[in-house]
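First the structure, in the form of C-alpha cells, and then the observations on it.
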Amino acid sequence: MTRYAMVIDLDRCQGCRACVEACKVENNTPQGSLWMHVFRLEEGTYPSTTMSFLPRPCQHCDNAPCVKVCPVGARYKREDGLVLTDFDRCIGCRYCELACPYGVNVFNWSDPAEHQYLDWDDPDLPDEVRGSVPPWHNPDHDVVHGDEQRRTSGGGHAKGVVEKCTFCVQRLERGELPACATTCPVNAIIFGDTDDPGDSVNAEIARGDAFDLLPEAGTKPRVHYVGGKHPTRSAREIERVEVEV
Amino acid sequence: MATTQPIHHRELAPQEMLGRSRIWTLVMGLAVIGLVLGIVSYARELTGGMVVTGMRDVGIGGGATWGLYVAFLIYMMGVSFAGITIAAMIRLLKLEQLRPVGRIAEILSVVAVVLGGLAIIVDLGQPLRGLVNLFRYARPQSPFFGTFTLVLAGYGFASLVYLYLGSRRDAAVLAERPGRLQWLHRFVASGYSDTPEERERHDRASFWLAVGIVPLLVVASSTLGFVFGLQIGRPGWFSALQAPAFVTLAGVSGVGLVIVLAALVRHAEHRSDVLTPAVFAWLGKLMLGLLFVYVYFMAVELVTATYAGSEADADITAALLTGTYAPIFWTSVAFLVVPLGLLVYAALAKRWSIGMLTAVSVLVNLGALGKRYLIVVPSQTHGTLLPYGEGSYTPALVEYGVVLGLVALGVLMIGAFMKALPVIELQREEEVGQDA
Amino acid sequence: MRTVTRRRFVQGTAAVGGAAATSKFLFDGFDTVARADEVVDAAMAQLTEDVVPTTCWVGKQDCGMLARRVNGRVVKFEGHPANPLNYGTLCPKGQAQIGAVYDPNRVKTPLVRTNAKGEPGTWRSASWDEALELVAAEVNETRARNPKLVLWQKGRSKAKSFYDTAFVKAIGSSKLGHGAYCSDTGYRALEYTIGLHGVLHPDFRYTKYLLSWGWNITNAGGNKFCWLTWPRHLLAARERGMKIVHIDPRLRSAGPFADRWLAIKPGTDLAFALALCHELIANGHIDEEYLTTYTNAPYLVEDDGMFHRGDGDEPLVLDAATNSFVPASQAEAPTLRASTSHNGVAVKTAFEVFAEHVEQYTPEWAAEVCGIATSEIRRVAREYGEEAVIGSTIMVDGVEVPYRPVSIMAYHMVQQELGFQAMRAMLIVSMLVGAVGAAGGQFSDKTWKIDGKYTSLDEVEIGDGPYDFTLNKSKFYPINSGHPGLVAKVMADPERYDVEELPEVAILHMVNPLGSFADQDAFISTYEKFRFVAWIGPWISETADYFADVVLPSATIEKYEGPMSATDLYVDAKSMRLPPMEPLFESRGEIDIYLDLAAAIGVLEGEDGYIAQVNKALELEGEFALPLRGRPEVRDIFDRWARAQGIEEGLAFFEEHGVWVKGPVKPTKFYGYATDPVFGGVVHRLYGESLARYQKEMKARGVDDLYAVDYTALPMWREPTMEQSPGDYDLYLISYKLIEHKQARTSYIPLLNEISPGQRLDINPATARARGITDGAEVWVESHNAVTGETRRVKTVAAYTEGMRPDTVGMPHHFGLWTHPASRDRGPTPNALYFTGEGYTVNTADQSFHVKVRAYPEGGESA
Ligand SMILES: Nc1nc2c(c(=O)[nH]1)N[C@H]1C(S)=C(S)[C@@H](COP(=O)(O)OP(=O)(O)OC[C@H]3O[C@@H](n4cnc5c(=O)[nH]c(N)nc54)[C@H](O)[C@@H]3O)O[C@H]1N2
Ligand SMILES: Nc1nc2c(c(=O)[nH]1)N[C@H]1C(S)=C(S)[C@@H](COP(=O)(O)OP(=O)(O)OC[C@H]3O[C@@H](n4cnc5c(=O)[nH]c(N)nc54)[C@H](O)[C@@H]3O)O[C@H]1N2
Ligand code: SF4
Ligand code: SF4
Ligand code: SF4
Ligand code: SF4
Ligand code: SF4
Ligand SMILES: [Mo]
C-alpha cells in the first residue's frame, strides 16, 4: 500500500514562496486562497535577532480533527493518508476550518469564478483560452479521483465551500510529485511513500531533528519537519501576505 | 347554543384579550419591519456570497470563520434548553407555583429552536445543500450533528409535544366557543375534549415525557458545550468547564427571557391575577441560584486562564481582559455580576420587584449573548496556535440585519401564538373553584 | 514532447433547464449538489495534452522551463529537469508568470498617442504598418542629420542581445544600457583591477568561509545569476560546513542563513574592507607569491603617485634575484616590500605604499565608522586569513590549483557613492590572500575571460569639451559606460556639462526608467525633451504612459529569444526561449519587431545592414549565414545558429530537449590560476596608477573636487557626501529586491502582488517608537540632497523588523507603478527619494541607492 508523507527541511527553505505560487497555479485557487503558506518569522531584539521560515501546507493528519467534525463526511481521510474535501458535498459550515489547529482551510467567501485576479472575460483572448477561468485552468480538476470517485482536486469550484491543500491528488495520480515539492528551488520539500522502505522520505523522517507541528494537538500529521525548530509563541510574523477574498 | 359553561373573565379567548393591547400591535409592527430587513440582508448574503459578512478565514485570512451567527445560535440553543427544562421541571417536580409560566417556557423553547436552526442555515455557505446533505450524509460522530440534529430534534420535538399537549386542552375548551379562530382551535384540539379520563392520560403522558426528556437534554446540551469545550485546535475552548458553564448560562438567560415574557404578558394581557409576584419571586430565586453558579464558573475560568493556561490561552485572556475584546468582556461581566448583586439584595430584602427582575433579565441576556460571542470569536482571532499575527472580526451590517430578522421572526411567532392560543394555561374548573 | 490524450472526463454539473437557471440565480453553486458521478467518455471532452520546453521570461538567468499545454493552451510552467540552472525547479516569479502571459491588460495592438506628453497617455490603435512607418520616419529624419542623436535604450537584457545591438549598429544610433543600476561600480572596479566583467562571487564548490557582503541571499541575485542557482550552491556548500558572515545593514537578506551578522552602517563598506586589509597585513596573511607574480604590488611608485619607469615605458621593480631595478616583465623575483631610491628618486613598492596607506585603517577606527564591534572586525580578518590556508593547493579534475577557500559575494550593494573604490578594496582583501581565481576562492565571471575594458579603462583620454551627451571621456566622469541617470542630468542642464547636442529620438526596449531608475524626477524631466519616443513592450510602462508617441506591442514568453547560457558555473549548457504558443493579441516577438523596424527604416539588407549585423553577432558564416536579401524567419535564424554550433538537428534539438548540456566546465576555463596564460595574461592592478593620473587631468581642467576626489590609486576612505545633510535627516535609506518581484516588471502580476502586497518602510521598532511610528501605520519618509538642499518625500506604511540597524530604514524596489490595475495603489517607489549625480555618484556610478532621510508619522509633519 501507499501512504504519502511530506518532509520539509527548514535548514534549506529560503522562504521564497515558490511553493505557494506553484500550488496556486496548479490548483487554480482563486484570489485570497492560499493553500500553502510560508511564514517568515523573527525572534529576539536587535542585534540578537534571528529569522526563520516555515512552509505550512495542510498536515494531512492521521487523527484529523477536521474529518471528525465534518457533519456530512465531505472532509474525509483516505487510506493513502490524504485528507480530502469533496467539494460537491461540502455544505460550507466551516467547522473543519474551526477545528483545524493549523489554520489551513480556505472558504470561498465570494464566487471564485469572479475572483480569479483579473477579469478574464476578454474577447481578444484566443479561442482556446477564452472561457477558461483562470486561463490556466487545469482540466484535472473537473474529474473524479481515487477509488472513492469523488471530485476532490483543485480549488475555486463553488461559492460557499471550503477547500484546502490536497497533496495534489491529481498529480499523484499522474505519477508526479505535488506542485510545491516539484518547484521548490532548493528541494526543501521531500515527498514520498512511507510504506516504501526505499523511499528517501523515510530517511528524512528518521532524522534526529525531525519534529511535527503542534504535537500537543494530537493530530498525528503526515507532514514532518527537519532542521530548524518549532516556532515559539514569541515568533513574530513579518512580511505577511494580504489576502483579499 | 351548546355553551352552557360560564366563561370566567380570565378565560377570554386570547385574541380578545390582546385586542385591547396597543403594545402588541406596536411590537408586531416592528417585528415585521425587522423581518423584512432580515430577509433583505440574507438575500444579499445569498447573492453576493458570504464575503458580505464580516467573517473571514482563520489564519492568513486574519479573521473569524464563525461569528455572530454562531454566537446567536449558541445563545438560542441555550434559551431553548432552559425553556424546555423549566417546562419539564414544572411537570416533573410538580412546581405548581410556576405553572402559569410553563407555556411561556414551552413557546420560548420552540421559538428558540426554530431561530437556532435558521441561524445554522444562514451560516452555511451552501444552505440548500445543507438542508439536503445534513440529513442525507448525516454523521452522528460530528459534534455538529450533536448541535444540529440532537439539539434541534430533541429540544424541538420535546417542546412541541409539550406545547401541543398543553394547547390541545385549551384549544378544546376554546373550540367550543364561536369565533374567528374556532377552526384553528378545533384543529388543534383534534378530538381531545378534556374529559377527566383524557385529562388523566394527558397528565401521565406529560410526566413520562418529562422523565424521558431530561437525559436527552443533558446529553444534547453537553454536546453543545463540547462542540467548543473539546476543541483542541482552539485555545480558550479546550476547557472541561465549558459544558457545565454552558448549561448554567443557558439557564440564566432562559429564565431571564421567561421573566421578560411573563412580565410582558402580565402587562399586555392584564394577567396579574395568575402571574403573581410570587411567580416572579420564584423565577428570581431560580435565576439567583443559576447566576451564582455561573459567576463562580466564570471566576474559576478566569483564574485558570490567567495562571494555568497555555501561551495561546494567555493571549486570548489578554485580549479579553485588556485587549480588543475588553469592552465586550467587561460589559458582559458587568451585565452578569451586577444582576447577581441585585438578586442577592432582593433575596436578602425579600423584595422581588417585577420591574427590577425584568431589567435584570434583559441585562443577563445581553451578558449571555456577549459571553457566547466571546467564546466563539476571540479564540479564532487571538488563539491561533501557529504564529499568524492577530486577526480581527467585526460583524457586518448584513449579519446584524439577519440576526435582527431572526429575532423579529421569533417575536412574530410568539405574537402569533398569543393571538391564537392562551399563553397561560386555562385554569381548570376545580382549580378556578379553589382559587375563588 | 509528450502527448497524452485524456478520456476520463466528467460533465461539470447535473442540473438542467429553467430550474437550474433559477437556482443559479438564487443559490449560485447549488447546482453542484448532486455528485457529479456520471463519468462520461464523451468524445467532445477529449483533451490533447503536451509539454513543450522554453525558458523563464521573467528573470535574468532564463531558467529552463517546460510548458504543459492542454489543447494548445499553456496551463502551467514547471522547471526543466535537465537545465543546470534550476534542475526542474522554479522560483515564485517563474511560477506566477503565467498570470502575465494571458493578461488582458497587455498592449494588444500598436498604439499611437493622442494627447500631450508628460501626462497619462490616451491612445488610438494603429496597424503595424502605420506604427512602423511612423517610427521609421522619425528615426530617419534625425539619422539624416546625426545618427547618434537617435538613442536606443534597453534595460535588464535577457538572452543574447544580438538582435537589438545589430539594430543599433545598422542604424548607427547611440546606445544606453541599464548600466549603472545593477552594479556598475562593481563591474568597472573588477574590469579595471583584474580584467573580468563581473563583480564578486565564490567558488561554491570549495569555499569554506563566505563573506556575504550585502548579498540579498534569500531574495535576489548576487553576482550574475537571477537567484535560484545561488541558494542551491550555497546550501550544498553549507551542508559541507561553509560558514557565512553576513555584512549587511539588515538581516532579512540572509534570513536564517547568517552564521554571524555584522550590521554595517550603509555606505561604509570601503572602511570595513580597508580595516580587513590592515589586519591581514598585520597578521601576515599575505600571499606573497601571488602578489609578486600576478599583481602590480611590487611596482615601484614615486612620490607623485606615478610608477617609476626609469627611462623606459615599463614600470620598474626591484628584482631580489639580482638586487637590481628592472622592468616588471623581466624581473625574476620582484621585491614586494621596499622603500628605497633609484637614480636619486625616492621609490617604494606599490605594496609598501598600500601597507603604509592602510596603517591608519585600524579595526578600532573602522568600528567607529562602520558601527561594528572592533572584536568582530578582528575576528573576521583573522578567520578569513586563517581559513585562506595561504600556500596550499588542491587537485581539481586533474589540475592542481591554489586552494583558498575564502570568498566574497557582493553585487548591487556597491551602488553607493564610494562604490567603485569600495569594490576595489573588497577585491584587494581577496587579492592579499591570493584567493582571486583560486579553488574555493574569488570568482567574478562565469569563465575567466578578459574584458576589453581592462585596457580601455586604463587608457581613457580625457578630452576638453564639448562632450557627447553620455559624457564619454569627459573631465566629469572619465570612467563611464553610458549611464541613463547621467544622460538625464545632462539633458536637464547641458551647458553645465559642456554638451551641445542632445538626443532627439528614443527607442525604449524593456526598460522603465520612471519605474525603476533613481532619481525619478530627473527622468521625468529628461524624457520630456525627446521629440519622439517609441516604446517596445508587452505593457504600457510608466515611461511609455508619459512619454511614448508610439507603442509597439511585444510578446511576453510567446517568442523566440536566445541563445542563452544555462551554465550553473560548473556544468556548461545552452538553452533557448521557444514560444509555447503564438504571440497573443497582435503582439510580436522582439526579433520580428526589429526585423520589421529595420525594413521600415531601410537598413534590413545589404553589407552593413541588419541581417549582416545579425550574422556577425551570432557568428553565422558560410553556409550558416543568413542571405543578405529578404526578411528571414526568426526560427530560421536560430536554426542556423544551432547548426553552426554543430547541432545537426538545428533548432529542432532545442524544441525536443529544451537544453543543450555540454558537460562539466573544465577547471582551466574558470580558475584564473589554471587558465593559459594564467589570469588571461593580465597584471592585477592593486595599485591604480591611471586613476591617480585621471585625477590630475581632471583637476587640471578645473572640475570641482566633487568629481575628482575619489580618483586615487588606492582606495581611500572619506565620509560619503550624504553625511552633510542636516542632523535631523538622521536615517539612512537603503533599497533592495524582494523574492516575489522582478524589478518593476512583475508588479503587473496579481498572483505575486498577493503574496508581496506593497511598499513599506522596514524600520527597527526602537527607532520607530522613538518617533511615534507604529507598526503598520502610515509614515512619511523625507530625503535630503546634501549638495543642493532639495528635499523630497513619500508616504508609505511602517513595517517593524528587529532585523534592521536602528539608524537605517529600507524600502524595497518594485512598487510605485500606476499603469496596470494590479500594480496601482501599492505605495510609492523609493526612487522618488533618491538623487543621482553630484554628491551621490563619483567614479562611475550614476546611481547610489543611499540617501539620508527622516521619518515621521502621518500627521506628525511638524516634527
Ligand atoms: N527576486 C528578485 N531577484 C533578482 C532581481 C529582482 O528584481 N528580484 N533582480 C536581479 C538583478 S537585476 C540584480 S542587479 C540582482 C541584485 O542582487 P543583490 O545584489 O543580491 O540584491 P539587492 O537586493 O539588489 O541587494 C541589495 C543588498 O545590499 C544591502 N545593502 C544596502 N546598502 C548596503 C550597504 O551600504 N552595505 C552593505 N554591505 N549592504 C548594503 C541591502 O540590505 C540588500 O540586502 O538581483 C537579481 N535577482
Ligand atoms: N529602488 C530601487 N531601484 C532599483 C533597484 C533597487 O534595488 N532598488 N534595482 C535596480 C536594478 S539592479 C535594475 S537591473 C533596474 C531594472 O530596471 P528596468 O530594466 O527598467 O526594469 P524591468 O522592470 O526589468 O523592465 C522594464 C520594462 O520592461 C518591460 N518588459 C518586460 N518584459 C519585456 C519583454 O519581454 N519585452 C519587452 N520589450 N519589454 C519587456 C516591462 O514591462 C517594464 O516596463 O532597476 C533598478 N532600480
Ligand atoms: S519553495 Fe521551497 S524554499 Fe521556497 S518557501 Fe517553499 S519550501 Fe521554502
Ligand atoms: S491540518 Fe487541519 S485541515 Fe489538514 S488534516 Fe490536519 S486538521 Fe485537517
Ligand atoms: S465546511 Fe464542508 S468540509 Fe468543512 S466541515 Fe463543513 S461540510 Fe465538512
Ligand atoms: S501538496 Fe499540492 S495542494 Fe498541497 S500545498 Fe503543495 S502544491 Fe498545494
Ligand atoms: S530565478 Fe529568475 S530566471 Fe529563474 S525562475 Fe526565477 S525569475 Fe525566472
Ligand atoms: Mo540589476
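The values are calculated or read from the model by the stated rules, or taken from the named source; none is laboratory data. All values reported here derive from a predicted model rather than from experimental measurement. Ideal geometry is used to build each Cβ from the backbone, glycine not excepted, and the neighbour counts take in all protein chains shown. To get the accessible areas, we keep the full protein, side chains included, count just its heavy atoms, and leave off ligands, DNA and RNA. Shrake-Rupley method; radii C 1.70, N 1.55, O 1.52, S 1.80 Å.
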Is there a residue in the range A:48-69 that is buried (at least 24 other Cβ atoms within 10 Å of the Cβ), under 20 Å from C:Gly255 (Cβ atoms) and facing another protein chain (nearest Cβ under 7 Å)?
yes
Mind telling me which of the residues B:Val265, B:Val338, B:Val295, B:Val279 ends up being open to solvent by less than 70 Å² (accessible area, probe 1.4 Å), part of a helix (DSSP H, G or I) and farther than 15 Å from B:Leu98 by Cα?
B:Val295
Condition first: open to solvent by 20 Å² or more (accessible area, probe 1.4 Å) and within 30 Å of C:Asn296 (Cα to Cα). Can you find one or more residues in the range C:481-489 that meet it?
yes
When only residues in the range C:140-165 that are under 29 Å from the mean Cα position of the chain (by Cα) and away from ligand 2 (no atom under 16 Å from the Cβ) count, which is farthest from the other protein chains (Cβ to nearest Cβ)?
C:Lys148
Can we say A:His157 is surrounded by fewer than 21 Cβ atoms within 10 Å (Cβ to Cβ), touching a strand residue (DSSP E or B) at 6+ places or on another chain (Cβ under 8 Å) and either within 14 Å of chain B (Cβ to nearest Cβ) or not β-branched (Val, Ile, Thr) (or both)?
no
May I ask you to verify whether C:Leu291 is within 30 Å of C:Glu376 (Cβ to Cβ) and either open to solvent by 10 Å² or more (accessible area, probe 1.4 Å) or of a type in the set (A, V, I, L, M) (or both)?
yes
Of everything in the range A:170-203, what is open to solvent by less than 50 Å² (accessible area, probe 1.4 Å), more than 14 Å from chain C (Cβ to nearest Cβ) and either touching a residue at least 60 places away in the same chain (Cβ under 8 Å) or within 16 Å of ligand 7 (Cβ to nearest atom) (or both)? Give them in sequence order.
A:Leu172, A:Gly192, A:Asp193, A:Thr194, A:Val201
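When the range B:371-409 is examined, which residues are found to be more than 14 Å from chain A (Cβ to nearest Cβ) and modelled with pLDDT under 95? Give the steps one after another, and end with the answer.
Going residue by residue through the range B:371-409, those that are more than 14 Å from chain A (Cβ to nearest Cβ) are B:371-374, B:394-395, B:397, B:400-409.
Listed by number, the residues that qualify are B:Lys371, B:Arg372, B:Tyr373, B:Leu374.
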Among the residues that make up the range A:131-139, is at least one of them away from ligand 5 (no atom under 16 Å from the Cβ), of a type outside the set (Lys, Arg) and touching a Leu at 6+ places or on another chain (Cβ under 6 Å)?
yes
Identity of the residue in the range C:572-595, of a type outside the set (Asp, Glu), away from ligand 7 (no atom under 16 Å from the Cβ) and over 19 Å from C:Ala166 (Cβ atoms), that ends up farthest from the other protein chains (Cβ to nearest Cβ)
C:Pro579
Search result, residues across the range A:118-149 that are more than 9 Å from chain C (Cβ to nearest Cβ), of a type in the set (D, E, K, R) and within 30 Å of A:Gly81 (Cβ to Cβ)
A:Asp147, A:Glu148
Could you list, in sequence order, the residues of the range A:118-152 that are without any contact (Cβ under 8 Å) to a residue 40 or more places away in the chain, out of contact with any helix residue (DSSP H, G or I) (no Cβ under 8 Å at 6 or more places or on another chain) and not in a loop (DSSP other than H, G, I, E, B)?
A:Pro139, A:Asp142
Quick check, is A:Ser234 of a type in the set (Ser, Thr, Tyr) and free of Cβ contacts under 8 Å to residues at least 60 places away in the same chain?
no
Within the range C:58-83, the count of residues that are assigned to a loop (DSSP other than H, G, I, E, B), more than 16 Å from ligand 8 (Cβ to nearest atom) and buried (at least 24 other Cβ atoms within 10 Å of the Cβ) comes to 3
Of C:Ala534, C:Ala544, C:Ala522, C:Ala573, the only residue that is open to solvent by less than 10 Å² (accessible area, probe 1.4 Å) and outside any strand (DSSP E or B) is C:Ala544
Before we move on, is C:Leu190 part of a strand (DSSP E or B) and open to solvent by less than 10 Å² (accessible area, probe 1.4 Å)?
no
When residues of the range C:234-250 are filtered for being buried (at least 24 other Cβ atoms within 10 Å of the Cβ) and not charged (D, E, K, R), how many remain?
4
Selection from the range C:151-167 of residues that are over 18 Å from C:Asn512 (Cα atoms) and open to solvent by less than 10 Å² (accessible area, probe 1.4 Å)
C:Phe162, C:Tyr163, C:Ala166, C:Phe167
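What about C:Ile462, is it open to solvent by 40 Å² or more (accessible area, probe 1.4 Å) and part of a loop (DSSP other than H, G, I, E, B)?
Numbers: open to solvent by 40 Å² or more (accessible area, probe 1.4 Å): no; part of a loop (DSSP other than H, G, I, E, B): yes.
Considered against the rule, which asks whether it is open to solvent by 40 Å² or more (accessible area, probe 1.4 Å) and part of a loop (DSSP other than H, G, I, E, B), C:Ile462 comes out as no.
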Among the residues of the range A:74-89, write down those that are open to solvent by 10 Å² or more (accessible area, probe 1.4 Å) and facing another protein chain (nearest Cβ under 7 Å).
A:Arg89
Could you check A:Gly15 against (1) within 10 Å of another protein chain (Cβ to nearest Cβ); (2) part of a loop (DSSP other than H, G, I, E, B); (3) within 11 Å of ligand 6 (Cβ to nearest atom) and say which number it fails?
(3)
Kindly indicate whether A:Arg94 is of a type outside the set (A, V, I, L, M) and on the phi < 0 side of the Ramachandran plot.
no
Answer yes or no as to whether C:Trp227 is within 16 Å of ligand 1 (Cβ to nearest atom), crowded, with 23+ Cβ neighbours inside 10 Å, over 22 Å from C:Phe420 (Cα atoms) and within 14 Å of chain A (Cβ to nearest Cβ).
yes
Do we have C:Gly485 as within 24 Å of C:Pro513 (Cα to Cα) and not in a loop (DSSP other than H, G, I, E, B) here?
yes
If a residue has to be touching a Pro at 6+ places or on another chain (Cβ under 7 Å), open to solvent by 10 Å² or more (accessible area, probe 1.4 Å) and assigned to a loop (DSSP other than H, G, I, E, B) to count, how many in the range A:204-227 make the cut?
1
When you scan the range C:86-150 for helices (runs of 4 or more DSSP H) that lie fully inside it, which ones turn up with 1 or more residues that are open to solvent by 30 Å² or more (accessible area, probe 1.4 Å)?
C:128-145
Among the candidates B:Val70, B:Val110, B:Val58, B:Val122, residue that is more than 26 Å from A:Asp111 (Cα to Cα), modelled with pLDDT of 85 or more and crowded, with 20+ Cβ neighbours inside 10 Å
B:Val110
Within the range C:728-766, the residues that are more than 12 Å from chain A (Cβ to nearest Cβ) and polar (S, T, N, Q) are C:Ser735, C:Gln743, C:Ser747, C:Gln759
Need the failing condition index for A:Trp109 against (1) at the interface with chain B (Cβ under 10 Å from one of its Cβ atoms); (2) within 15 Å of ligand 6 (Cβ to nearest atom), just the number.
(2)
